[in-house]
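**Q** Pasting a structure below so you can have a look.
The values are calculated or read from the model by the stated rules, or taken from the named source; none is laboratory data. If you're wondering where the values come from, they're calculated on a predicted model, not measured in any experiment. Positions of Cβ are backbone-derived with ideal geometry, glycine not excepted, and every protein chain shown enters the neighbour counts. All accessible areas refer to the heavy atoms of the entire protein, side chains included, with ligands and DNA or RNA removed. Shrake-Rupley method; radii C 1.70, N 1.55, O 1.52, S 1.80 Å.
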Amino acid sequence: MRVEDKKVVTIDYTLRDPQGTVIDTSEGNEPMPYLHGASNIIPGLEKQLAGKQAGDSVKAVIEPNDAYGPRNDEAVQDVPRSQFPPNIDIQQGMQFQANTPQGPRLVTEIGVTDENVKIDANHPLAGVTLHFDVKIVGVRDATAEEIQHGHVHGPGGHHHH
Ligand code: ZN
């Protein structure tokens, strides 16, 4: 059975940045199931897994435009320190939810002065070329309910029923 839309695909994966640093991996955990064609995973990876089958190993290099997008310099902003609760020790690299004109976003603090906190609302992987090693563990037909919900049910999937 090949990977295509409306299939539940179970994968082992390791994601590295261009320097070889592991960003995310399923190693040590159960393989991850996803519903193909439902935007459960980034589009570039979906494209490269299509047509493969259980047992296949796939090395995928995915440019930012097919992953988390390019970095946007306008997403880097100075916010007056007075807008932060005074009891918080603001440290470089801290991540927190902030309300932005585009809605709630995860932002990263990238610099702090007495007056301002510089924050970056880019996704942490924006502008990063992703290097995936994927092993396809299994492929099965999705159920009608999974297709309707747009995600996988059962082991490793959603448990909201
Ligand atoms: Zn569901």
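**Q** What are the residues in region 22-36 that are under 12 Å from Lys135 (Cα atoms) and either part of a loop (DSSP other than H, G, I, E, B) or without any contact (Cβ under 8 Å) to a residue 40 or more places away in the chain (or both), if any?
**A** Passing the criteria: Thr25, Ser26, Glu27, Pro31.
**Q** Sticking with this structure for a sec: Could you list all residues from region 1-15 that are open to solvent by 80 Å² or more (accessible area, probe 1.4 Å) and in a strand (DSSP E or B)?
**A** The one that is open to solvent by 80 Å² or more (accessible area, probe 1.4 Å) and in a strand (DSSP E or B): Arg2.
**Q** Being under 30 Å from Ala142 (Cα atoms), loosely packed, with under 13 Cβ neighbours inside 10 Å and without any contact (Cβ under 8 Å) to a residue 60 or more places away in the chain, is that true of even one residue in region 60-71?
**A** yes
**Q** Here's something else I'd like to know. Tally time: how many residues in region 96-123 are loosely packed, with under 13 Cβ neighbours inside 10 Å and assigned to a loop (DSSP other than H, G, I, E, B)?
**A** Qualifying residue count for the region: 5.
**Q** Sticking with this structure for a sec: Just to verify a result, which residue in region 22-36, among those that are open to solvent by 50 Å² or more (accessible area, probe 1.4 Å) and under 16 Å from the mean Cα position of the chain (by Cα), is farthest from His151 (Cα to Cα)?
**A** Applying the filter and picking the extreme gives Val22.
**Q** Given the criterion small (Gly, Ala, Ser) and assigned to a loop (DSSP other than H, G, I, E, B), identify the matching residue among Gly127, Gly44, Gly138.
**A** Matching residue, one of Gly127, Gly44, Gly138: Gly127.
**Q** Of Arg81, Arg2, Arg71, which residue is at pLDDT below 95, over 18 Å from His123 (Cβ atoms) and not hydroxyl-bearing (Ser, Thr, Tyr)?
**A** From the options Arg81, Arg2, Arg71, the qualifying one is Arg81.
**Q** Now a separate question. Mind checking which residues of region 57-91 are among the charged types (D, E, K, R) and under 24 Å from Ile147 (Cα atoms)?
**A** Asp66
**Q** Tell me which residues, restricted to region 115-156, are more than 16 Å from the ligand (Cβ to nearest atom), over 24 Å from Asp12 (Cβ atoms) and either of a type in the set (Gly, Ala, Ser) or at pLDDT 95 or above (or both).
**A** Once the filter is applied, which keeps residues that are more than 16 Å from the ligand (Cβ to nearest atom), over 24 Å from Asp12 (Cβ atoms) and either of a type in the set (Gly, Ala, Ser) or at pLDDT 95 or above (or both), region 115-156 yields Ala121, Ala126, Gly127.
**Q** For the condition open to solvent by 50 Å² or more (accessible area, probe 1.4 Å), assigned to a loop (DSSP other than H, G, I, E, B) and small (Gly, Ala, Ser), what is the one hit in Ser82, Ser39?
**A** On inspection, the qualifying residue turns out to be Ser39.
**Q** Check whether at least one residue in region 132-140 is in contact with a Gly (Cβ under 8 Å, 6 or more places away or on another chain), of a type in the set (Gly, Ala, Ser) and within 26 Å of Pro33 (Cα to Cα), and report yes or no.
**A** Taking every residue of region 132-140 in turn, none turns out to be in contact with a Gly (Cβ under 8 Å, 6 or more places away or on another chain), of a type in the set (Gly, Ala, Ser) and within 26 Å of Pro33 (Cα to Cα).
**Q** Output the residues belonging to region 139-153 that are surrounded by fewer than 18 Cβ atoms within 10 Å (Cβ to Cβ) and either in contact with a Ser or Thr (Cβ under 9 Å, 6 or more places away or on another chain) or without any contact (Cβ under 8 Å) to a residue 24 or more places away in the chain (or both).
**A** Arg140, Thr143, Ala144, Glu145, Gln148, His149, Gly150
**Q** Please tell me if Ile88 is open to solvent by 40 Å² or more (accessible area, probe 1.4 Å) and in a loop (DSSP other than H, G, I, E, B).
**A** yes
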